[in-house]
1. Give just the number: which of (1) surrounded by fewer than 20 Cβ atoms within 10 Å (Cβ to Cβ); (2) touching an Asp or Glu at 6+ places or on another chain (Cβ under 9 Å); (3) part of a loop (DSSP other than H, G, I, E, B) does Leu263 not satisfy?
2. Can Gly284 be described as of a type outside the set (S, T, N, Q), surrounded by 19 or more Cβ atoms within 10 Å (Cβ to Cβ) and under 30 Å from Arg185 (Cα atoms)?
3. Are any residues in the range 184-208 closer than 16 Å to Val278 by Cα, modelled with pLDDT of 85 or more and part of a loop (DSSP other than H, G, I, E, B), and if so, which ones?
4. Restricting the range 263-284 to residues that are touching a residue at least 24 places away in the same chain (Cβ under 8 Å) and farther than 22 Å from Arg331 by Cβ, which is farthest from the chain's Cα centre (by Cα)?
5. Examine the range 156-176 for a residue that is at pLDDT below 95, assigned to a helix (DSSP H, G or I) and among the aliphatic types (A, V, I, L, M), and state whether such a residue exists.
6. Taking the options Ala334, Ala343, Ala322, Ala305, name whichever one is closer than 30 Å to Asp82 by Cβ, outside any loop (DSSP other than H, G, I, E, B), at pLDDT 95 or above and under 26 Å from the mean Cα position of the chain (by Cα).
7. Quick test for you: out of Trp115, Trp128, pick the one residue that is under 19 Å from Arg366 (Cβ atoms), touching a residue at least 24 places away in the same chain (Cβ under 8 Å) and not assigned by TED's automatic domain parsing to the domain that holds Glu318.
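The values are calculated or read from the model by the stated rules, or taken from the named source; none is laboratory data. None of the values given here were measured: they were computed from a predicted structure. No Cβ is skipped: glycine too gets one built from the backbone with ideal geometry, and neighbour counts run over all protein chains shown.
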Amino acid sequence: MTAAIPSTPLPSVLHEDYAAIAAGTHAEGPRGTVRFAVSTADPAEGKGDLFVALGLARALRAEGWGVAMWPLERWGDEVPADTAAVVVMIESFVPGYVPAGTALVAWVRNWTEKWAALPYLDEFDAVWTSSTIARDAIAPHVATTVEVVPIGVDLDLFTTDRPHAHAEPADVDPVAAADAARTDRAVTTVNFWGVRRLVQDVLAEVAPAEPIIWYAANVDHVEPSPGVELRPMVSYFSLPEVYRAAGFVVDDVIAPAAAYGTLNSRLYESLACGALPVTDCALGLDELGLAEVPVFDDAASLERALAMPREERTALVERLRAVVVERHSFRSRAEQVGPSLDAAVAAASGRSGERSAFLRWATEQRELLRRTEHDRDVHLAGVHDINERLIVSEQKVGAHDTARQVAEAERDQIAARFHGLTRSPEYRVLHGLGLMARRARR
């Protein structure tokens, strides 16, 4: 078996189950309906908040909850009255259209400072944060108890099992076969959404034994470098196959999250698949039981981490993976937040009617602003497109003008040479001899 990082990894069969949850197929459950306020309900957009929401939703479904997404395009609509709880994944969601009898839960995964500054944070019946540092920053701003609930991993999706592999012979050790199918190469799945990531400066200078394979959104706009092999972004449901083939996974934590130790799903997902993450944020690792995860801060330290011998790496991954499996699955998270959800739903059940008039007005204004920003961005995109086309046209006109000038200069040179030749003594002699020869033939 030849070990290689797949160029077109196959998606997990679980993508259909995730798509069904995103589409609202599992919105009803005996314990009530939990809706997640997310940026989108389309998994193809590759948004991290959606996949975290879907991961917990899938685990909550197994606990008897109905689960559904409440994407941004519906934030200006009234939330259905039969909703037991809304788990808010993004700080820009204003809950004015959530019924007063529906529990509100804030899950502060990053952008902690923005969450803490929200004037309506006390509307939430429960607040979860991804780290203790974030909890301590949020707690002074709310009356309710803040609970530490890190994000997690779906161990049914991210696994060392290789569902697309051919069946191994009976006498082949499956663990040894999986290890043989794993390369020593590093990959990264950090996406580029138009804002430069800190890891890009490191990747521009790194020189590992083999280039790091970078699967990136908007890969055409990422600067190439000798130490990196650029590839287009792959589906979230294809990541397990990528991680199962990789030795290392390079992680990058955005600055607002790094400041509070609120770490990425990539950390758990790579370990669940048997690959060793190498991250640029040490804060928060110890709290998760993952203090042994290698950390880099420049190209040299990243190169040292990626040079770890296979035997050492394998032993380290086994220790860290055991922690992930025991403590950081979404199944564990669902069990953890179950009492919190029950308490929030019970507290909200004593209320009726609508949220305050001021909060409903604020929601209306927020959605108006969002639509205005969207229209502005569409307009600016149109202007940008027209400008790009104008630049291309001007470049073409310039190229034609340059070509014309070159042709004219060449023509003038030929004319000058012709004029010089026809006036030379040699030409006159030869021309005269030619005339005499023609007369003689006649």
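1. Among (1) surrounded by fewer than 20 Cβ atoms within 10 Å (Cβ to Cβ); (2) touching an Asp or Glu at 6+ places or on another chain (Cβ under 9 Å); (3) part of a loop (DSSP other than H, G, I, E, B), the lone unmet condition for Leu263 is (1).
2. Working: of a type outside the set (S, T, N, Q): yes; surrounded by 19 or more Cβ atoms within 10 Å (Cβ to Cβ): yes; under 30 Å from Arg185 (Cα atoms): yes.
Yes: the conditions hold for Gly284.
3. Residues satisfying the conditions are Asp184, Arg185, Thr189, Val190, Val206, Ala207, Pro208.
4. The extreme case among them is Leu283.
5. The answer is yes, given that some residue of the range 156-176 is at pLDDT below 95, assigned to a helix (DSSP H, G or I) and among the aliphatic types (A, V, I, L, M).
6. Working: Ala343 fails: under 26 Å from the mean Cα position of the chain (by Cα); Ala322 fails: closer than 30 Å to Asp82 by Cβ; Ala305 fails: closer than 30 Å to Asp82 by Cβ.
Exactly one residue qualifies, and that residue is Ala334.
7. Working: Trp128 fails: under 19 Å from Arg366 (Cβ atoms).
The conditions single out Trp115.
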